[in-house]
Amino acid sequence: MVASQKILIIGLVWPEPTSSAAGSRMLQLIGLFMGYGYDVTFASAASPSEYSFDLSKQGVQTQVIQLNDDSFDSFFAALNPTIVMYDRYVSEEQFGWRVSKQCPGAMTILDTEDLHFLRLARQEAHKKGVPLDQLDLNTDTAKREIASIYRCDVSLIISRYEMQLLQNQFQVPSQQLYYLPFLVDSITREVTKYWKPFEERQDFVFIGNFWHEPNWDAVRYLRESIWDEIIRDLPQATMHIYGAYASQKVMQLHNPTKRFLVHGRAESAYEVIGNARVLLAPLRFGAGAKGKLLEAMQCGTPSVTTSIGAESMANGLEWNGTIVDGVKEFAKSVVELHENKELWLKAQSNGIELINQNYDKAIFEKDFCTHIQEMISHLTTYRTQNFVGQMLQHHTHQSTKYLSKWITEKNKKNRL
């Protein structure tokens, strides 16, 4: 535990844990900080939705803030936090210069969620039908995102692959990065007692937020290329598709004749995943770690996914099912895992080991908080070693600052 310190989290959106893995990740981080004695305030310029989590249930203070408005300055100065954490690089771009001006001694953390520039580059490579290594990763998004990483004192990275990419290809110093995966409870025998056995499960499930382009592509790929291969061997099987913010193009894939059912938002992700025998995630592009695959392990549900889907999640351990690319190979693995009880039980056991070795929050939380306190105690030294960050603070924030001030003054005139 630490002496009571204030942390301000500036969210790009209000957390929706029932809609996305990003929402669950944010609640994990909030729980971590509160568990170690931090006073947490969450602020966002976005409008809450009906699915936004009620943070007051966790004792979190909340504040609606305005973009390009001096009211943030007075709010922030009054709060005077020890730590500011930005939810994705865009939040740092929007508010970083104000934070630096009002409270330059506050430690800054960037929670990347995933590397946006990597996800977008893979999406572009997929559309063009070329390998990723044929595309230039030095995009405008990469420049913005990596600049934000440099400007912050430390950035949280959820994938070891992304850690290596930032260090090896972009030469980001290791002290600027901290590996912090999803943080969940370990799976005990008491937990597994509530899992449905093989015989009481049936069919397949996919779940994912459809605002997220990799999820839409995966479901379309599943319906148009893979599903007919599966039902050729399993004609009585049903594919259940769940996900928040399903648009009309997603709902048009609903086809009862083909036993391909698009349900929209799930009231309980754990219930629908826990009822299925196998989770399918044929992701063709994306980045970070995949919450749906972690949830499958937590529910005792084996999965079949691609190399992109499982990237950096196993970390040397056996997968919770099968990792396979290619339509026919994917479908064959799905049928085999669905029908072979021995193989299915082994995959389920692998999932337990993966959670307990790679994602058990007890393994990571204490070391992380110790690291943060060490940085706070020697913040000047850390910043002295990050000259690129200081340079970007000076130049980038000057330009952002004056653009924001111009918009602020324009807004004031418009209100007159």
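Taking every protein chain into account, the accessible area of segment 91-141 amounts to 41 square angstrom per residue (probe 1.4 Å).
Label separation (A46 vs E229): 3.5 nm, computed from points 7 Å beyond Cα along the C-beta direction. When you filter the chymotrypsin sites (Phe, Trp or Tyr not before Pro) in segment 228-333 for DSSP loop state and at most 14 other Cβ atoms inside 10 Å of their Cβ, nothing is left. 3J(HN,Hα) along segment 106-112: 6, 6, 10, 10, 10, 9, 6 Hz, from the Karplus curve 6.51 cos²θ - 1.76 cosθ + 1.60 with θ = phi - 60°, whole Hz, x for Gly and Pro. Residues of segment 46-88 falling in the label zone of S4, defined by backbone nitrogen less than 15 Å from a point 7 Å along Cα to beta-carbon, are 59-61, 79-82.
Taking a straight line from the alpha carbon of K101, these aspartates and glutamates sit under 19 Å away, with near neighbours fewer than eight places off in the same chain left out: D69, D70, D73, E92, E93, D153, E409. Compared with the alpha-carbon gap, the fully stretched path from T139 to N340 is longer by 67.8 nm at 0.36 nm per residue. The phi torsions of segment 243-260, fed into the Karplus equation with coefficients 6.51, -1.76 and 1.60 and a -60° offset, translate into couplings of x, 6, 6, 6, 7, 4, 5, 6, 5, 5, 7, 4, 8, x, 4, 8, 6, 10 Hz, rounded to whole numbers, with Gly and Pro shown as x. Taking 7 Å steps out from each Cα toward its Cβ at H371 and R220 produces label points 3.8 nm apart. Within the accessible surface of segment 1-69, defined with a 1.4 Å probe on protein heavy atoms only, the carbon and sulfur portion equals 49 percent.
The spread of Cα positions in segment 233-331, taken along each principal axis and listed from longest to shortest, comes to 40, 30, 25 Å. Of the Cα atoms belonging to segment 1-148, the radius of gyration and Dmax stand at 16.9, 54 Å.
With a threshold of 32 Å on the Cα-Cα distance, the over-threshold entries among K127/K346; K127/K292; K143/K332 are K127/K346; K143/K332.
Rounded to the nearest 500, the helix-only mean residue ellipticity at 222 nm of the chain stands at -14000 deg cm²/dmol, with each DSSP H run of n ≥ 4 adding -39,500 (n - 2.57). Peptides 370-382, 82-94 ranked from most to least packed by the mean count of surrounding Cβ atoms within 10 Å: 82-94, 370-382. Once the Cα-Cα distance is subtracted from the 0.36 nm per residue extended length, the L379 to R189 segment shows a gain of 64.1 nm.
Of interest is the spacing of the C-alpha centroids, which for segment 332-393 and segment 85-124 amounts to 19 Å. Each label was represented as a point 7 Å from its Cα along the Cα-to-Cβ direction; for Q252 and R160 these points are 4.3 nm apart. For L132 and Y270, what is the calculated FRET efficiency with R₀ set at 35 Å and r taken between the beta-carbons, to the nearest 0.05? With R0 = 35 Å, the Cβ-Cβ based efficiency is 0.55. Cβ-Cβ distance of V327 and Q169, R₀ of 30 Å, FRET efficiency by 1/(1 + (r/R0)^6): the value works out to about 0.45. Return the loop-located trypsin sites (Lys or Arg not before Pro) in segment 155-255 (DSSP other than H, G, I, E, B) with at most 11 other Cβ atoms within 10 Å of their own Cβ; answer none if there are none. Counting only loop positions with at most 11 other Cβ atoms within 10 Å, the trypsin sites (Lys or Arg not before Pro) in segment 155-255 are K193. In sequence order, segment 29-42 has phi-based couplings of 5, 4, x, 4, 5, 5, x, 9, x, 7, 8, 9, 10, 10 Hz under the Karplus curve 6.51 cos²θ - 1.76 cosθ + 1.60, θ = phi - 60°, and Gly or Pro positions carry x.
Proximity of backbone amide H atoms, modeled 1.01 Å from N, is registered between T322 and S303, V304, T305 at under 5 Å, excluding neighbours fewer than 5 places apart on the same chain.
Projection of the Cα convex hull of segment 13-58, averaged over all directions and equal to a quarter of that hull's surface, yields 3.1 nm².
Note on segment 198-275 and segment 24-48: Cα centroid distance 32 Å, given to the nearest whole angstrom.
The values are calculated or read from the model by the stated rules, or taken from the named source; none is laboratory data. In this text, all values refer to a predicted model and were calculated from it rather than measured experimentally. Positions of Cβ are backbone-derived with ideal geometry, glycine not excepted, and every protein chain shown enters the neighbour counts. Heavy atoms of the whole protein, side chains included, go into the accessibility calculation; ligands, DNA and RNA do not. Shrake-Rupley method; radii C 1.70, N 1.55, O 1.52, S 1.80 Å.
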